[in-house]
Amino acid sequence: MRLSKNLTQEGLATRAGVSLGTLKLFERTGKAGFETVVKIAYALEAEREFEALFPPSQITRIEDVVEKAPRKRGRRK
């Protein structure tokens, strides 16, 4: 994605506000902290793709939560 936007590693790192080493490590291993991944996604203007990974949860009515049957617990031996 970085290359398709004609960005260098240095350019993307600066734009995302992360160190060049962090970006290189992320590109090489896919490992990075959540905040770093968010910064890179926004710097690449990939917010929609990133947000699609976390679909909104359904809003539950408080009445439904209260009416749920209590959980059964196993006996200790």
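Read-outs throughout are calculated quantities, based only on the coordinates presented, and are distinct from any laboratory measurement. Computed from a prediction, not measured in an experiment: that's the story for all the values here. Positions of Cβ are backbone-derived with ideal geometry, glycine not excepted, and every protein chain shown enters the neighbour counts.
Table: residues versus (1) in contact (Cβ under 8 Å) with a residue 24 or more places away in the chain; (2) part of a loop (DSSP other than H, G, I, E, B); (3) not acidic (Asp, Glu).
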{"site": "Lys24", "(1), (2), (3)": "no, no, yes"}
{"site": "Glu27", "(1), (2), (3)": "yes, no, no"}
{"site": "Tyr42", "(1), (2), (3)": "yes, no, yes"}
{"site": "Leu53", "(1), (2), (3)": "no, yes, yes"}
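Condition check: in contact (Cβ under 8 Å) with a residue 12 or more places away in the chain and on the phi < 0 side of the Ramachandran plot. Does Glu63 satisfy that?
It is false that Glu63 is in contact (Cβ under 8 Å) with a residue 12 or more places away in the chain and on the phi < 0 side of the Ramachandran plot.
Would you pick out the residues in the range 19-56 that are loosely packed, with under 11 Cβ neighbours inside 10 Å and among the polar types (S, T, N, Q)?
Thr29
Is it true that Ala32 is closer than 18 Å to Leu7 by Cβ and small (Gly, Ala, Ser)?
When the stated conditions are applied, Ala32 passes them.
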